Amino acid sequence: MTTDTNDLRDRTRSNRLGRRLLAERYSSYWLTAAGYLAIALFAGITLLLFYRSLPILSEYPLSSLLTSANWDPAANEFGFLPAIVGTVYVTVLSMVMGVPVALGAAIYIAEYAEGRMKTLVAALIDVLAAVPSVIFGLVALIVVVPFVGNYVAPVFGANTVGVGIFTVSLVMAIVITPFMTSLTVESLESLPDELRETSLGVGATKFETIRSVLLRAAGPGIFSAILLGFGRVFGATIVPALLIGGQTQIPSSVFSTGQTLPTLIVNDFGELMSLPLTQSALIFVGLMLVVVVWLFNFGAMLVQRRLKRRWQYR
Amino acid sequence: MTDIPLTTNQLSVTYTGDREIEAVKGVSIDFPANTLTTIIGPSGCGKSTLLKSLNRLHDIQENVEIDGDVSLSGDSVYDTDVPAPEIRRRIGYVPQTPTALPVSIYENVAYGLRIHGDYESKADLDEKIETYLRKVNLWDEVADRLDAPGAELSTGQIQRLCVARSLAVEPDVLLCDEVTSALDPVSAESVEETLGELKSEYTIVLVTHSMAQARRLADEVVFLYLGEVVESNDVRSFFEDPREKRTKTFIGGPTPVDRDDVPAEPTATPPTPDGGEGSTVDDDER
């Protein structure tokens, strides 16, 4: 009888082992396939964009596309400079406004705030980071646009109803600040307490500790946070589309209306079907966005590797 | 030496979080000058808490309450106008985990000197860095790569780097929290050697749960148990003629306290063949 039970147990066990090994094999197939799919998607999208950009690239030299200020698809004029300048303006302005605030808020939450205050502020910021940007765009239409038009622009002697580059930058700064703050808080809080104790232990003040030790040690993480913020501004579509004014001209000041590369695609989308050359031009805009984002990520990876070595701690 | 730079007077530390825990209960100890005092006791007995309260490191934590006082050369550490950073400069601290700041080896030692502006010229700074790195027997190992990140050193080297960094700001007292417990035996030995050489010049307070280490390094021993001082005495009397029964139990083999954290002392368990005073580095640290 005991041999019978033993036999039974052995058989059950070997069946079970068979099933486990099967699951092992199929899970590895599945995971490998998922990994290759990601690569294939990136390659596929880039190749498609490139292929569909060929008509415009064979019609006009790249240099004139990038430097011409004249955008009038109906007249076969395809100058991307206004949108490029608009994108650079919006990106730079948003980062200039957003990064210092995000860093300050993150340092406050991670190093200064205590108890309930800390929980409350951190939770609110996490919620803000998760709010869809179209909501910021809508609220901005009601609040920020008149505010900029009536109060901010006049201070700088500009005359505007309120839509334009500056408004978009301000709102995008507001969109990405909670997001960057949240990631920076995470980097700072993951640092070991020994770093703080070590620095304080030789007589440094709290601020000296933050400046010379914690910001460096968390540097690679903070750099990632800023870069992700940059990526969101650079590719932002809905907020600029709502607030930039949509005139394709080189902005004369930061309060001018304008265009960014993504809004160019959105605004002229209706003409895509009818005019093949316009379609190709807009797809080329998509290609530019992909290439710039890719170059930035690649560059960031190199910088990050350096930072991680230079600012490593233990 | 009769000079007593550091004393505690009825010092109590209470964590007032969800559950109130009095980790250190009315401790009064003297730490004599140019002496190495070890605080021993099982894990969780309040050693590290006591150590951190000596230079106000608890200030950075929420929910910690401190009663009683610590005095440094007669001046109160808590009830004082002297800012905490200056107190911490005078009472240095080396944490349990070897910690390299995210800067070069050179800048790790220069860190405190730069903050306090304690140097006249670059040459003066260079000289000080060399002096302190030599003091911890690290100079020969790192002289050719002072610009490399501190974190690239081995853990044992980093621990000596920590000691050099602390010494560089010329503290009156050096607090060391189980500084060898994260190290391999060879590194631990070299850190111990360093401390052994330094104790004639500095007032050192060393927290350890290794009695072998206390026996090798200490001049004075304080036995802390559940936040209270059970016994304090010079090292010889403490180990050879303990007054308290609890001390006898603690140094006398397997303790009822916490067997994982307080393994049997090799010198005290007869069956161990290689036991004895001379056993190089304790293997009871990990």
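Read-outs throughout are calculated quantities, based only on the coordinates presented, and are distinct from any laboratory measurement. Because the structure is a prediction, the values reported are computed rather than measured. Quick reminder, even Gly has a Cβ in these numbers, built from the backbone with ideal geometry, and neighbours come from all protein chains shown.
Mind checking the range B:193-250 for GluC sites (Glu not before Pro) that DSSP puts in a loop (not H, G, I, E or B) and that have at most 15 other Cβ atoms within 10 Å? Walk me through the numbers before you get to the answer.
Details: sites: B:Glu193, B:Glu197, B:Glu201, B:Glu220, B:Glu228, B:Glu231, B:Glu240, B:Glu244; in loops: B:Glu201, B:Glu244.
For GluC sites (Glu not before Pro) across the range B:193-250 that sit outside H, G, I, E and B with at most 15 neighbouring Cβ atoms in 10 Å, the list reads B:Glu201, B:Glu244.
Classify the range B:1-77: rounded, prolate or oblate, from the alpha-carbon gyration tensor (a ≥ b ≥ c, eigenvalue square roots; a/c under 1.5 rounded; otherwise prolate if a/b is larger than b/c)? Walk me through the numbers before you get to the answer.
Working: a/c = 2.36, a/b = 1.65, b/c = 1.43.
In terms of gyration-tensor shape, prolate.
I want to verify a result. In a Gaussian network model of chain A, Cα cutoff 10 Å, which of these has the top mean-square fluctuation: A:Ala34, A:Ala113, A:Ala217?
Most flexible of the set in this elastic network: A:Ala34.
How far apart, in nm, are the 7 Å Cα→Cβ label points at B:Asp241 and B:Glu193?
Modelled inter-label distance: 3.5 nm.
Return the calculated 222 nm mean residue ellipticity for chain B, to the nearest 500 deg cm²/dmol, obtained by summing -39500 (n - 2.57) across DSSP H runs with n ≥ 4 and dividing by the residue count.
Here the helix-only value at 222 nm equals -9500 deg cm²/dmol.
Assigning unit charges at the beta carbon (Lys, Arg +1; Asp, Glu -1) and nothing else, what dipole magnitude in debye, to the nearest 20, does the protein assembly as shown show about its Cα centre?
Magnitude of the dipole: close to 2780 debye.
Below 8 Å, C-alpha to C-alpha, sequence gap of six or more: please give me the relative contact order for the range A:68-310 in percent. Intermediate values should be presented prior to the final figure.
On the way: 306 pairs, mean separation 68.1, N = 243.
Relative contact order comes out at 28 percent.
Please list, by residue number, every one of the chymotrypsin sites (Phe, Trp or Tyr not before Pro) in the range A:94-169 that is coil in DSSP and has at most 16 other beta-carbon atoms within 10 Å.
Here the chymotrypsin sites (Phe, Trp or Tyr not before Pro) that fit, given the DSSP loop and packing criteria, are A:Phe156.
Tell me which lysines have Cα within less than 17 Å of B:Lys52's Cα, excluding those fewer than 8 residues away on the same chain?
A:Lys206, B:Lys25
Which of the residue pairs B:Lys135/B:Lys248; B:Lys47/B:Lys122; B:Lys47/B:Lys248; A:Lys118/A:Lys308 have a Cα-Cα distance greater than 31 Å in the structure shown?
In this structure, B:Lys135/B:Lys248; B:Lys47/B:Lys122 exceed 31 Å between Cα atoms.
What 222 nm value per residue comes from the helices of chain A, counting each DSSP H run with n ≥ 4 as -39,500 (n - 2.57) and dividing by all residues, nearest 500 deg cm²/dmol?
After summing the helix terms and dividing by residue count, I get -24000 deg cm²/dmol.
Bin width 5 Å, origin at 0, all Cα-Cα pairs of chain B: what percent of pairs per bin?
Result, from short to long distances: 1, 6, 12, 16, 18, 16, 14, 9, 5, 2, 1, 0 percent.
Treat the protein assembly as shown as a sphere of radius equal to its Kirkwood radius over Cα pairs and apply Stokes-Einstein at 20 °C in a medium of 1.002 mPa s; give the translational diffusion coefficient in µm²/s, rounded to a whole number.
Values: Rh = 29.2 Å.
In µm²/s, the coefficient is 73.
Please name which of B:Val24, A:Phe80, A:Thr209 has its Cα lying farthest along the dipole of the protein assembly as shown towards the positive end, using unit charges on Cβ (Lys, Arg +1; Asp, Glu -1) and the Cα centre as origin.
A:Phe80
Run through the range B:118-173 and list the GluC sites (Glu not before Pro) located in a DSSP loop whose Cβ has at most 12 other Cβ atoms within 10 Å.
Those that pass, being in a loop and sparsely packed, are B:Glu120.
Counting pairs of alpha carbon atoms under 8 Å apart in space and at least six apart in sequence, what relative contact order in percent does the range A:112-232 give?
Numbers: 81 pairs, mean separation 31.6, N = 121.
Computed value for the range A:112-232: 26 percent relative contact order.
Using square roots of five times the C-alpha gyration tensor eigenvalues, list the equivalent-ellipsoid semi-axes of the range A:2-59 in whole Å, biggest first.
Square roots of five times the eigenvalues give 56, 5, 4 Å.
Run the numbers for B:Asp81 and B:Ala123: contour at 0.36 nm per residue of separation, minus the present Cα-Cα distance, in nm.
Roughly 11.7 nm would be gained on extension.
Tell me, in nm to one decimal, what length is gained between A:Val303 and A:Phe42 on full extension, where the rule is 0.36 nm per residue of separation less the Cα-Cα distance?
That pair, A:Val303 and A:Phe42, stretches by 91.7 nm at full extension.
Only Cα pairs within less than 10 Å get springs; with that Gaussian network setup on chain B, which residue of B:Lys47, B:Lys122, B:Lys245 has the largest fluctuation?
B:Lys122
So what's the projected area for the range A:117-161, the Cα convex hull averaged over all directions, in nm²?
4.4
Cross-link candidates for B:Lys128: which lysines have Cα within less than 22 Å, leaving aside residues fewer than 8 places away along the same chain?
Within reach: B:Lys199.
Give the calculated FRET efficiency between A:Asn70 and A:Leu228 to the nearest 0.05, with a Förster radius of 51 Å applied to their Cβ-Cβ distance.
Working from the Cβ atoms, E equals 0.90.
How would B:His209, B:His58 line up from fewest to most surrounding beta-carbon atoms within 10 angstrom?
B:His58, B:His209
Which residue fluctuates the most in chain B, going by a Gaussian network model with Cα springs under 10 Å, if the choices are B:Asp79, B:Asp219, B:Asp177?
B:Asp79
Which of B:Arg56, B:Arg246 has the fewest other C-beta atoms within 10 Å, and how do the rest follow up to the most?
On the way: B:Arg56 21, B:Arg246 17.
Ranked by crowding around the Cβ, least crowded first: B:Arg246, B:Arg56.
Kindly work out what percent of the DSSP beta bridges joining two residues of the protein assembly as shown are antiparallel, to the nearest 5.
Values: 26 of 45 bridges.
Taking every DSSP beta bridge with both residues in the protein assembly as shown, the antiparallel ones total about 60 percent.
Using only Cα atoms, figure out Rg for chain A and give it as a multiple of 2.2 N^0.38 Å.
1.34
Going from the alpha-carbon gyration tensor of the range B:102-220, what semi-axes, largest first and in whole Å, does one get by taking the root of 5 times each eigenvalue?
Whole-Å semi-axes of the equivalent ellipsoid: 25, 17, 11.
When a footprinting reagent is the concern and you count Cβ atoms within 10 Å, what order do A:Trp30, A:Trp71 take, fewest first?
A:Trp30, A:Trp71
Quote the relative contact order of chain B in percent (integer), defining contacts as alpha-carbon pairs under 8 Å separated by 6+ residues.
Across chain B, relative contact order equals 24 percent.
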